[in-house]
Amino acid sequence: MITLEPPLTDKDVEKLEVGDSVKISGRIITARDEAYERILEFIEEGKNLPVDLENGVVYHCGPLVEKREEGWNIVSAGPTTSGRLDEVQADFVKKTGTKVLIGKGGVGKKVVPEISSMNCVYLSFTGGAAALAADSIESIEDVFWKDLGLPEALWVLKVEEFGPLTVSVDKSGRNLYHE
């Protein structure tokens, strides 16, 4: 089991190979379709993002949250299908400097060489394990863009031993889903 602690370096990414088991301890950010769109718009317009994604980990997830007196609580945080972001995935990685994407179902064949050439890897989280994912969330550091709806907002999470995750696309462009 390999443990990654963001922010990540090229060396962190380069040591990962397809099939490796990984856990993450540190900061991850959730982002789905509408957040991706807004992130790319902000960058195009020269606006600062509310959170730095460079060398970071982006989790394709729309968490189920509840508001409590003491703040937000994430009830479940299962992965969402990453392939639906394929059209903008490479542009997103290029413009944000993200090192790790996490989701379910993999990314398309065309996306694999694009993201791997930018030192970005794709990790798969098992679908149906939303409660397990929520259990590894130590705290919610922040939430941005609630106007998109809570599942589409950017959730900045501090996690401990988040996973297990499987390296599905590595730096060499090997792809667990399409080999």
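The values are calculated or read from the model by the stated rules, or taken from the named source; none is laboratory data. Predicted model only: the values in this text are computed from it and were never measured. When we count neighbours, we look across all protein chains shown, and the Cβ atoms used for this are built from the backbone with ideal geometry, even at glycine. The protein model used for the area step is the full one, side chains on, heavy atoms only, and it has no ligands, DNA or RNA in it. Shrake-Rupley method; radii C 1.70, N 1.55, O 1.52, S 1.80 Å.
What to note about this one:
- When the solvent-accessible area of the range 2-170 is split by element, carbon and sulfur atoms take up 44 percent of it, the probe being 1.4 Å.
- Ile2 versus Asp52: modelled label distance in nm, points set 7 Å from Cα along the beta carbon direction: 2.4
- Euclidean distance between Cα centres, the range 1-67 to the range 68-83, Å: 15
- Among the listed values (1) 100; (2) 145; (3) 113, the one matching volume of the Cα convex hull per residue in Å³ as calculated from this structure is (1).
- Accessible area per residue, Å², the chain with all protein chains present, probe 1.4 Å: 47
- Magnitude of the charge dipole for the chain, about its Cα centre and with charges confined to Cβ atoms of Lys, Arg (+1) and Asp, Glu (-1), is about 360 debye.
- Taking the average, over residues, of other Cβ atoms within 10 Å as the packing measure, peptides 42-48, 98-104, 168-174 rank 98-104, 168-174, 42-48 from highest down.
- Lysines with Cα under 22 Å of Lys94, excluding same-chain neighbours fewer than 8 positions away: Lys11, Lys15, Lys47, Lys104, Lys109, Lys110, Lys171
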